[in-house]
Structure formats: structure tokens, C-alpha cells
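Each reported figure results from applying straightforward, stated rules to the coordinates on display, with no laboratory input. Just so we're clear, the structure is a prediction, and the values are computed from it rather than from any experiment. Every residue, glycine as well, gets a Cβ built from its backbone with ideal geometry; the counts of neighbours run over all protein chains shown.
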Amino acid sequence: DRAHAETRPAFDFDEIEAGVDETHHVANGYDSDILLRWGDKVFADSPDFDPLKQSAAAQEKLFGYNNDYVGFIPLEGNPDHGLLVVNHEYTNAELMFPNFAHIGKKVEDGKEEDAVIMGDHTQELVDIEMAAHGGTIIEVRKVGGKWQPVLDGKFNRRLTAKTEMTVSGPAAGHDRLKTNEDPTGTKVFGTINNCAGGVTAWGTWLMAEENINNYFSGELKQDHPEYAAYERYGIPGGEFKWAAFYDRFDIAKEPNEANRFGWVVEVDPFNPSSKPVKRTALGRFKHEGCESVVNKDGRVVVYCGDDERFDYVYKFVTAGKFNPDDRAANMTLLDNGTLHVAKFSEDGTVEWMPLIHGQGPLTAENGFASQADVVVHTRLAADLLGATKMDRPEDVQPNPGTGKVYCMLTNNSKRKDEQVDKANPRAKNKFGHIIEITETDGDFASTKSTWEVLLKCGDPDVAEVGASFSTATTKNGWFGMPDNCAIDADGRLWVATDGNNEKATGRTDGIWAVETEGEMRGTSKLFFRVPVGAEMCGPCFNPTSDTFFVAVQHPGDAGLPTFETPATRWPDFKDGMPPRPSVVAITKAGGGKIA
Ligand code: FEO
Ligand code: CA
Ligand code: CA
Ligand code: CA
């Protein structure tokens with residue numbers, strides 16, 4: 001409620017220095033302990049991690065690579081004991097595999113430059129990569145003030161790029177999802193590029209499939225029915241080499257497989273044998289996150305960004321209501337409802353436009369013969385509605401206490417002067433911005449609300465950057481490239497960044513605490529920073545906000561790193577041990593709220 005909002009405490013930790021070095025840093029008076037590293041055991045019978053002797057079978061039982069979203073689901077309401085759910089977004093082969101990548105020379109524009117030359121992928125390396133993707137569910141518990149994994153936790157589970165999943169909602173069983181392996185269009189193996197995510201009020205985990213285009217190779221004929229849509233979605237991206245060993249990732253051989261990715265996946269962490277479900281009602285695009293809130297009328301509202309330059313902000317409103325006494329009924333809430341896309345107007349209003357087959361331009365004549373077409377080709381449908389083209393929407397986070405919603409817009413160096421609008425106010429937007437939406441009357445299902453820019457990011461001392469941090473913000477307190485964010489138990493905003501590095505800003509990524517209310521609005525303070533080469537992901541508070549879980553992704557990925565020559569060996573700092581993406585648990589020394 002508003003009263004609560006106005007009395008929320010200002011951040012009072014001592015800000016740390018911005019900068020870049022080989023390790024992480026947290027504000028004085030806080031402990032930051034490594035909780036889970038790539039290769040750590042997830043089960044009591046997991047093998048020991050040996051980076052020199054990796055195998056897919058071992059990786060399937062070990063914590064995956066590039067931890068991104070982190071969610072905490074309490075067990076029996078206990079804030080100190082619960083399930084940690086963690087996305088493993090992607091893999092860095094050059095940092096993972098010994099004697100595989102090396103730095104060589106390539107010629108560009110007649111100039112010789114350093115380059116990482118990739119070895120040839122083998123099936124074994126691809127299988128390890130596939131096993132290092134997906135997610136981890138692991139029981140964690142605070143013992144004597146310190147968090148630790150519970151390896152015999154009965155809910156512990158690894159999901160990978162091969163785990164069997166089902167499809168529900170409007171696109172389930174549709175022709176566009178049928179493949180040679182799956183003529184039913186309802187059975188998909190794996191989830192990939194799970195970036196941010198969410199946890200629902202009924203204790204399920206939402207994994208957002210983001211840059212799925214990178215896993216597909218091959219070519220589609222120009223007369224193929226998916227040709228135009230695949231162009232719009234950047235398919236094939238061709239970065240990963242999986243198609244060499246798995247036909248389903250070759251769009252020439254299996255043209256519909258890519259329609260089976262780019263969804264929000266709902267996982268029931270309390271049933272380790274359950275099949276995760278791809279919820280197609282929430283649309284298909286490069287989903288960054290899927291943070292939800294129970295609206296005052298009981299409907300559930302899910303916010304999603306589509307992380308691409310000039311793409312859109314979405315929200316899904318369920319038809320049914322959340323029932324705190326009937327978990328089974330809640331399990332299908334995300335199959336029925338209305339997906340909306342945002343149009344931000346110059347007058348400071350935002351219209352949430354419904355994406356419904358048969359309404360407006362979403363007709364058969366325009367290529368939308370059913371709601372299945374609308375959700376499979378969400379981007380094309382939103383294009384027709386004239387949604388506002390944004391500067392790479394990342395996490396979109398509702399604040400349940402205030403009716404406000406925070407949209408992280410990470411950057412867009414390609415916006416031209418003539419493409420500037422009020423919601424994307426800077427051309428060549430290198431440092432991104434944050435939009436604050438105020439949903440009308442605290443109704444998250446509202447279709448017309450208001451908004452303003454909370455922050456234009458970047459260094460306020462460089463006039464041409466045009467940053468808008470408050471004057472109380474120190475030289476350490478400004479940041480660029482907002483990506484993920486979290487709201488703490490007092491309703492305060494914490495922002496994680498992706499893209500601050502020695503070259504761009506002379507600093508690393510980290511966590512900044514941002515004041516949103518009163519005179520301090522727009523003041524930001526640096527709380528935590530990552531080691532060189534890493535980005536900051538997964539900020540997540542436990543319910544009492546006395547623990548802050550953060551995910552350090554791709555540490556050591558600076559310059560032209562390889563397994564042998566990473567930019568850091570964080571967090572182990574042992575010869576022969578590569579840097580390891582890790583989840584860090586931050587607590588206040590002696591206990592108490594993160595403040
Ligand atoms: Fe995976 Fe939008 O960052
Ligand atoms: Ca990210
Ligand atoms: Ca978030
Ligand atoms: Ca990002």
C-alpha cells in the first residue's frame with residue numbers, strides 16, 4: 001500500500017568502489033559466500049567434477065553452466081530452508097573445455113587481429129553442452145548462519161536440453177509444432193537459453209527461453225511457410241554446433257523444431273518426475289523473464305520482455321483466479337488468458353493491447369488463422385498492432401505493494417535520431433534506461449495505465465551521455481545496461497547489470513540499489529560487483545530479505561579467453577581449475593536484513 005511505500009527505509013549500506021578486478025566485492029558488513037558452482041554436486045551420488053575429464057553423464061548430475069535466473073521457494077514457509085531453482089542459460093565452450101579453443105589470428109579489412117579459433121566440436125562436447133544447459137532444482141538450508149546445499153534433498157533435479165517436456169495452450173498439437181520425431185506437436189525434448197524467469201504464487205518455476213535462434217543451423221527454402229517468421233526471429237543464429245549431431249537443430253531437415261522453443265516453461269519443483277510444460281498462451285519470442293503477481297481480483301498477471309533491439313514489452317492476464325487452497329487448479333492458470341503488448345504514448349499513458357485472433361488485424365488474411373498462429377508468431381502479431389519498439393526489454397518486475405512495474409531496457413546502439421520517442425528517449429542508447437509503469441488503481445490487469453522514465457543510465461559526468469541519476473548519486477553509484485532486478489521485502493528496487501566492463505565503463509557489472517520514492521528517487525548505490533568478464537544475474541531475496549542470492553555468469557569472459565587463459569580463475573583461484581559461474585549467497589554479518 002501507498003503508506004508502506006512512503007515509509008520504506010532508504011538504503012543504508014556503505015557503497016563499495018566501482019572498478020574491475022579478479023574477484024567479487026560486497027558492501028562492508030556483509031558476507032558473500034559461494035553456494036553453488038558449475039560442476040558442484042546436485043545429488044548425493046553425483047561424481048566429483050573433473051574439468052579435464054568431463055562427460056555428459058557426469059554433467060547431468062552436476063550444477064550446470066552460466067547460472068542466470070535464481071528463485072527461492074520456501075519449504076513449509078521457512079525463509080531459511082527451501083528449494084533454489086536456477087536457470088543455466090548457455091555455455092562458453094572456450095572457457096569450459098581444455099585444449100579446445102585457442103587464440104589465433106584472423107584477417108579483417110586487411111588488418112590482422114587476434115581471434116579465438118574454435119576446435120571442431122565432437123558429439124561428446126555437444127552432449128556436455130546440452131547437459132550443462134537447462135536448470136537445477138536443489139534444496140538449500142541455512143545452518144549456523146551459512147547456506148548449504150542439501151544433496152539428498154528429495155526434490156533435487158537437473159533439467160537439460162534433452163529433458164522431455166510437454167506443450168500446452170493454444171499452440172499445443174498445432175501443425176507448426178509437428179516434427180518427424182513428434183507428429184503430435186506436444187512432446188519436446190529440452191529447454192534452452194533460459195535467461196531470467198519467475199516463481200509463481202503456487203510454487204512453480206517459470207523458465208524463459210530467450211536466444212533460441214543461436215542453436216539452429218541450416219537453411220529454409222524461401223517458399224517455406226516459416227520463412228518470413230524465421231527471418232523476424234533471427235533463425236538460424238548458427239552459433240552452436242548442435243545441428244552437426246542432432247538433425248532437429250538443422251532447419252533444412254526439421255523446419256518446425258525452432259517453433260518448439262522460445263516459450264515460457266513451467267516446472268513443478270515439488271514433483272521430480274513431472275514433465276515441464278511449455279505454456280504457449282504466453283507467446284513465443286526471446287523471453288527474458290516472467291515475473292508474476294496475484295492481482296487484487298485474484299487473476300495472475302505475468303510480465304515479459306522480448307530482448308531484442310526494437311522489440312516489445314508484454315503482459316499476460318489469466319482468465320482464472322489464483323486459489324490459495326487448490327494448487328492443482330492453479331497448475332493450468334497459465335493456459336487460459338490474454339496476452340497483451342505495450343504501446344507507450346507520448347502523453348505518458350501505456351496501452352496494453354490484446355493479442356487475440358480475429359480482433360483488429362489478427363485475421364486469416366494477415367496470416368493468423370487461429371490463436372495458435374498468434375502465439376507462435378507473437379512478434380509478427382505485435383508488429384501489426386503497432387506496439388512500441390523498445391531498447392531491448394529485459395526483466396519486467398511488478399512491485400506488488402505499490403502497483404508499479406519496472407522495465408529494464410538494457411541498451412540499443414542502433415536507434416537512430418529519427419527513431420527516438422518518449423519511451424526510448426536517446427539515439428544510440430549505449431547504457432539503457434528504466435521505465436516505471438504505474439498500473440491504474442493498483443490494478444495489474446489494467447489495459448490503460450501511465451508511465452515515466454525512472455532513470456536514463458550511464459555516467460552522469462559525461463554530458464553527451466544524458467544520464468539522469470540524482471545528484472546524490474556518487475561516482476560509484478551510476479550504472480549502465482540494466483538487465484535483471486528484484487524487489488525486496490520492503491518494496492525497494494535492486495538492479496543487476498550486464499555489459500559494464502573495462503572497455504565500456506571502466507567497471508564491472510554488479511548490483512545497484514535504486515531509490516524510487518520521495519526526494520531520493522533516482523539515487524543509486526553500488527552494493528556488489530562481479531569479477532572481470534562476468535555479468536550479474538539472478539538477484540533473488542529470500543522472503544525475509546536477510547539473504548540475497550546473486551548469480552555470477554561467465555566469469556573470466558574478457559578479452560580473448562580460453563580454458564587455459566581465462567581473465568580470472570574465480571572463485572577457486574586454483575591452477576588448472578577454470579573460472580566457474582556460481583551462485584553467491586549474501587547475508588549480513590551477524591544476521592539481519594539486507595539494507
Ligand atoms: Fe540473457 Fe536478455 O539476457
Ligand atoms: Ca542477462
Ligand atoms: Ca526479476
Ligand atoms: Ca542482457
### Task
Enumerate the whole-percent occupancy of each 10 Å bin, from 0 to the last occupied one, for all C-alpha pair distances of the range 147-252.
12, 36, 35, 13, 4, 0
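Would you mind calculating the gained length between Asp223 and Ala463 on full extension (0.36 nm times residue separation, minus the Cα-Cα distance), in nm to one decimal? All intermediate terms of the calculation are to be shown ahead of the outcome.
On the way: separation 240, 0.36 × 240 = 86.40 nm, distance 5.01 nm.
81.4 nm is the gain from fully extending Asp223 to Ala463.
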### Message
Quick check: residue separation of Asn336 and Ala244 times 0.36 nm, minus the Cα distance between them. What number comes out in nm?
### Response
29.3 nm
### Query
Efficiency by 1/(1 + (r/R0)^6): what FRET value for Lys146 and Asn366, r their Cβ-Cβ distance, R0 = 60 Å, to the nearest 0.05?
0.55
### Cα-Cα P(r), the range 305-434, percent of pairs per 10 Å interval
12, 35, 33, 17, 3, 0
### Gain upon complete extension [Gln419, Glu164; 0.36 nm per residue less C-alpha separation]
87.5 nm
### Query
What is the pair-distance distribution P(r) of the range 391-486, computed from all Cα-Cα distances in 10 Å bins starting at 0, with each bin given as a whole percent?
17, 44, 31, 8
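Counting only Cα atoms, I'd like the Rg/Rh figure for the range 1-82, Kirkwood definition for Rh. Could you put the intermediate results ahead of the total?
On the way: Rg = 19.0 Å, Rh = 17.2 Å.
My calculation of the ratio gives 1.11.
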### Message
Ranking request for peptides 529-538, 214-223, 358-367: highest mean number of other beta-carbon atoms within 10 Å first, then the rest in descending order.
### Response
529-538, 214-223, 358-367
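So how strong a dipole does the range 447-595 carry about its Cα centre when Lys and Arg Cβ are +1 and Asp and Glu Cβ are -1, to the nearest 20 debye? Please list the in-between numbers first.
On the way: 14 positive and 19 negative charges, 47 e Å.
The dipole of the range 447-595 has a size of about 220 debye.
If you put +1 on each Lys and Arg Cβ and -1 on each Asp and Glu Cβ, how big is the dipole of the range 328-431 around its Cα centre, in Debye rounded to 20?
Values: 12 positive and 13 negative charges, 106 e Å.
Rounded to the nearest 20 debye, it is 500 debye.
Between rounded, prolate and oblate, where does the chain land on the alpha carbon gyration tensor, with a ≥ b ≥ c its root eigenvalues, rounded for a/c under 1.5, else prolate if a/b exceeds b/c?
Details: a/c = 1.20, a/b = 1.01, b/c = 1.18.
Rounded shape, in that the Cα axes give a/c under 1.5.
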### Query
Does anything in the range 308-333 have its amide N under 12 Å from the 7 Å Cα→Cβ label point of Lys154, and if so which residues?
none
### Task
Specify which residue in the list Met331, Gly367, Ala513 is farthest towards the positive end of the charge dipole of the chain, using unit charges on the beta carbon of Lys, Arg (+1) and Asp, Glu (-1), about the Cα centre.
Met331
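Sorted by mean Cβ packing within 10 Å, highest first, what order do the peptides 383-395, 284-296 take? Don't jump to the answer; show the numbers that get you there.
Details: 383-395: 22.7, 284-296: 25.7.
Most protected by this proxy first, the peptides run 284-296, 383-395.
Cross-link list Lys111/Lys389; Lys343/Lys414; Lys286/Lys343: which exceed 28 angstrom alpha carbon to alpha carbon? Could the numbers behind the result be given before it?
Numbers: Lys111/Lys389 36 Å; Lys343/Lys414 20 Å; Lys286/Lys343 18 Å.
Pairs exceeding the cut-off: Lys111/Lys389.
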### Query
Which distance in Å, rounded to a whole number, links the C-alpha centroids of the range 507-524 and the range 291-350?
26 Å
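Among Arg327, Arg492, rank each residue by its count of other Cβ atoms within 10 Å, from fewest to most, as a rough exposure measure.
Arg327, Arg492
Could you sort 493-501, 113-121 so that the peptide with the highest average Cβ count within 10 Å comes first and the rest follow in order? Please list the in-between numbers first.
Details: 493-501: 24.4, 113-121: 13.0.
Sorting 493-501, 113-121 by mean packing, highest first, produces 493-501, 113-121.
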### Query
To the nearest 20 debye, what charge dipole does the chain have about its Cα centre, counting +1 at the Cβ of each Lys and Arg and -1 at the Cβ of each Asp and Glu?
660 debye
### Message
If I take every Cα pair under 8 Å that is 6 or more residues apart in the chain, average their sequence separation and divide by the length, what percent do I get for the relative contact order?
### Response
16 percent
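Normalised by the residues of the range 198-350, what does the relative contact order come to in percent, with Cα pairs under 8 Å and at least six apart? Present the calculation step by step, with values, prior to reporting the outcome.
On the way: 310 pairs, mean separation 32.1, N = 153.
In percent, rounded to a whole number, it is 21.
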